[in-house]
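The structure under discussion appears below in the form of structure tokens.
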Amino acid sequence: ANERTLSIIKPDAVAKNVIGEIYSRFEKAGLKIVASKMMHLTQEQAEGFYAEHKERPFFNDLVAFMTSGPVVVQALEGEGAILKNRELMGATNPKEAEAGTIRADFASSIDANAVHGSDSAASAEREVAYFFNDNEICPRG
Ligand code: CMP
């Protein structure tokens, strides 16, 4: 089905100056960027976004990392976009990520792992709406 998913280029990848290389991978895979913005997340924005991980031992480090520098947030649209984006990203831990994936190529640790992508239809819906109003999304046929 035609889907939307939420993607974040994390502070480590922005600092490495690979925004364009990552966008190129989305586009080459047939995903369309239908909304996009660069922002420096506040503590509240990062905590709210990752609320489901609040009880996990890595939560504080995750929020500290995600607020350490600018990120680029985008909504991707296309056939099977949620799974396609997860395949492009590779495993959460870059040590386990398949060769040729974004995390294998650009990530250095499980915390500084270059990108985030929604993991289900329900989280995609919540996460796209977390960052974008309807009038900021520009669907393209
Ligand atoms: P992300 O897809 O953004 O979702 C939560 C993030 O927490 C994850 O990517 C990792 O960068 C980070 N993280 C740190 N430690 C862990 C862990 N043990 N398991 C899962 N995610 C972790």
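Below is a table of values for the structure above.
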| item | result |
| --- | --- |
| Estimated [θ] at 222 nm from DSSP helical runs (n ≥ 4, -39500 (n - 2.57)) normalised by residues in the chain, nearest 500 | -10500 deg cm²/dmol |
| Loop-resident sites, segment 30-73, for trypsin sites (Lys or Arg not before Pro), counting at most 13 other Cβ within 10 Å (DSSP) | Lys54 |
| GNM result for the chain, Cα springs below 10 Å: residue of Asp119, Asp105, Asp61 fluctuating most strongly | Asp61 |
| Ratio of Rg to Rh over the chain (Cα coordinates, Kirkwood Rh, two decimals) | 0.93 |
| Principal semi-axes in Å for segment 20-97 [√(5λ), Cα gyration tensor, largest first] | 24, 16, 12 |
| Formal net charge of residues neighbouring Leu83 (Cβ-Cβ distance under 11 Å; K, R +1; D, E -1) | -2 |
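Quick note: the coordinates plus some simple rules give every number you see, no bench work behind them. Computed from a predicted model, the values in this text were never measured in an experiment. Quick reminder, even Gly has a Cβ in these numbers, built from the backbone with ideal geometry, and neighbours come from all protein chains shown.
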